[in-house]
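To start, the structure under review is shown below, and the notes come after it.
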Amino acid sequence: MGIWNKRDDMVVHEVEPYNAESPPQALAGRITPVDTFYGRNHAPIPQLDAENWRLRVEGLVGRPLEMSMDELRDRFPERSVVATLQCAGNRRADLMEVSDIPGQVPWGPGAISTARWSGVSLADVLAEAGVRPDAAHVSFTGADVSDQAYPPQHFGGSIPMAKATSHEVLLAWSMNGQSLPAVHGAPLRVVVPGWIGARSVKWLLRIGVQAGPSDNYFQTEYSILPPEADPHTAERGEGITLGPVAIHCAILRPGKDARLPAGPTEVAGFAYAGDDRTVERVDVSADDGDTWTHAKVDLPESPWTWQHWHTTLDLPSGDTELIARAWDSTAAVQPESPATVWNPRGYANNAAARLHVTCRS
Ligand code: MTE
Ligand code: MO
């Protein structure tokens, strides 16, 4: 089972800190089993003692709170949400082919997974603390200290009040009905459905209610800089801070570089619309975009999940590049090429999915 009880077919980019993407075969199900759920870490995984752990809620609140896990469970109703988590760095490898991005994890398309999360709603906890009218953001601080930050600091980030008080944002202690594993943030993590994974802070210690966004290093690190910017000298806040995920998709079948008979072939994958949007259409082409077939798109398991799709294409013999592009409920469509969205830190690549296959007649 390898490190952290993950399956041996995980695509491991780094062992310490553990950074591994889900293999394509694990992404075909609506729910991703815990042992193939991707892992993204910026520091060694902290081993917290759930007995002595306390959550603090402070800042612009009427009643600051400090609670143990038992108190949290007793004071608030348990809620569950099925939600997809996606790393902002997902599909960075395709951006790296456009132009190098030194020092970053070369994620393929598997830094995304879906689980049923259970815990309490952040909105309920904030209501108990009493949010003051001058508060506009909610920040989260994890127990892990990252030396990838400058200066080294706890991992953290924030979301605006409107998202924080929506009932889908959870403080979760379980994942697919099992207690949250250490690698995914035990004893308690934030789950911000539809937003980049970085805002779903693991090993949660502190919730801060404040007037402005978090000043944590990772809040602005997860932003899109213009192509000409130097990520090492960029001013804090110079980029577009990432929040909701943009529409994108992946082709799961046939596999990359598959060799198959020419003729009618099942092409399948998933698309993910992010935030409260849905996937409205997926177009697939085997002739470089001259003609497009509309795939059959599954209904989402919840408003916060990916949607699988499938169609049949008549593949010619020889080398073919399959292209898939998804449209969301705001009629946004994926850009044609990763060159359009290239940025110095390599985030949010939502270019159309492309996959090479070879067919014989
Ligand atoms: N929370 C803490 N405390 N430390 C981290 O390094 N990584 C973030 C987020 N929460 C991180 C964190 C990032 S970038 C992502 S994509 C998700 O956790 C990944 O969650 P997972 O490892 O459970 O898949
Ligand atoms: Mo991430």
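Remark: pairs (first residue in segment 78-95, within 11 Å of Val245 (Cα to Cα) and more than 8 Å from ligand 1 (Cβ to nearest atom); second residue polar (S, T, N, Q) and modelled with pLDDT of 95 or more; Cβ separation under 6 Å; 6+ apart in sequence or on different chains) = Thr84/Thr114; Thr84/Thr305. Please go through (1) part of a loop (DSSP other than H, G, I, E, B); (2) crowded, with 18+ Cβ neighbours inside 10 Å; (3) over 24 Å from the mean Cα position of the chain (by Cα) for Thr265 and return the number of the only condition it doesn't satisfy. For Thr265, the failing item is (1).
Say we look at segment 148-168 and pick out the residues that are in a loop (DSSP other than H, G, I, E, B) and within 16 Å of ligand 2 (Cβ to nearest atom); which of these is nearest to Leu122 (Cα to Cα)?
If we filter segment 148-168 for residues that are in a loop (DSSP other than H, G, I, E, B), which is where we start, we get 148-152, 165-168.
Subsequent filtering for residues that are within 16 Å of ligand 2 (Cβ to nearest atom) retains 148-149.
Values: Gln148: 28, Ala149: 27 Å.
For segment 148-168, the residue satisfying everything is Ala149.
Yes or no, residue by residue, for (1) surrounded by fewer than 20 Cβ atoms within 10 Å (Cβ to Cβ); (2) out of contact with any Cys (no Cβ under 8 Å at 6 or more places or on another chain); (3) assigned to a strand (DSSP E or B); (4) not assigned by TED's automatic domain parsing to the domain that holds Leu95:
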{"site": "Glu301", "(1), (2), (3), (4)": "yes, yes, no, yes"}
{"site": "His308", "(1), (2), (3), (4)": "no, yes, yes, yes"}
{"site": "Glu321", "(1), (2), (3), (4)": "yes, yes, yes, yes"}
{"site": "Ala339", "(1), (2), (3), (4)": "yes, yes, no, yes"}
{"site": "Ala348", "(1), (2), (3), (4)": "no, yes, no, yes"}
{"site": "Ala351", "(1), (2), (3), (4)": "no, yes, no, yes"}
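Would you say Val120 is free of Cβ contacts under 8 Å to residues at least 60 places away in the same chain and in a strand (DSSP E or B)? The answer is yes for Val120.
Inside segment 84-112, residues that are surrounded by 18 or more Cβ atoms within 10 Å (Cβ to Cβ) and among the charged types (D, E, K, R) make up a count of 3. Restrict the check to segment 96-113 and report whether at least one residue is among the acidic types (Asp, Glu) and either assigned to a helix (DSSP H, G or I) or free of Cβ contacts under 8 Å to residues at least 24 places away in the same chain (or both). So far as segment 96-113 goes, yes, one or more of its residues are among the acidic types (Asp, Glu) and either assigned to a helix (DSSP H, G or I) or free of Cβ contacts under 8 Å to residues at least 24 places away in the same chain (or both). Listed by first and then second residue, the pairs linking a residue in segment 136-157 that is farther than 26 Å from Pro102 by Cα to a residue that is of a type in the set (A, V, I, L, M, F, W, C) and surrounded by fewer than 20 Cβ atoms within 10 Å (Cβ to Cβ), with Cβ atoms under 7 Å apart and 6 or more places separating them unless they lie on different chains, are Ala136/Met161; Ala136/Ala211; His137/Met161; Val138/Met161; Thr141/Leu205; Gly142/Leu205; Ala143/Leu48; Ala143/Leu205.
Check every one of the strands (runs of 3 or more DSSP E) wholly within segment 1-95 and list those with 1 or more residues that are within 16 Å of ligand 2 (Cβ to nearest atom) and at pLDDT 95 or above.
Numbers: elements: 11-14, 19-21, 55-59, 65-67, 79-86.
Filter on segment 1-95 gives 11-14, 19-21, 79-86.
If you go through segment 197-216 one residue at a time, do you hit one that is touching a residue at least 60 places away in the same chain (Cβ under 8 Å), part of a helix (DSSP H, G or I), under 27 Å from Val105 (Cβ atoms) and within 16 Å of ligand 1 (Cβ to nearest atom)? Show your work before the answer.
Step one: list which residues in segment 197-216 are touching a residue at least 60 places away in the same chain (Cβ under 8 Å), which gives 197-198, 200-214, 216.
Filter once more, so that each one left must be part of a helix (DSSP H, G or I): 197-198.
Going one step further and asking which of them are under 27 Å from Val105 (Cβ atoms), we end up with 197-198.
Adding the requirement that they be within 16 Å of ligand 1 (Cβ to nearest atom) leaves 197-198.
Checking segment 197-216: at least one residue is touching a residue at least 60 places away in the same chain (Cβ under 8 Å), part of a helix (DSSP H, G or I), under 27 Å from Val105 (Cβ atoms) and within 16 Å of ligand 1 (Cβ to nearest atom).
The values are calculated or read from the model by the stated rules, or taken from the named source; none is laboratory data. The model shown is predicted, which means the values in this text are computed figures rather than measured ones. Virtual Cβ from ideal backbone geometry, glycine too; neighbours counted across all protein chains shown.
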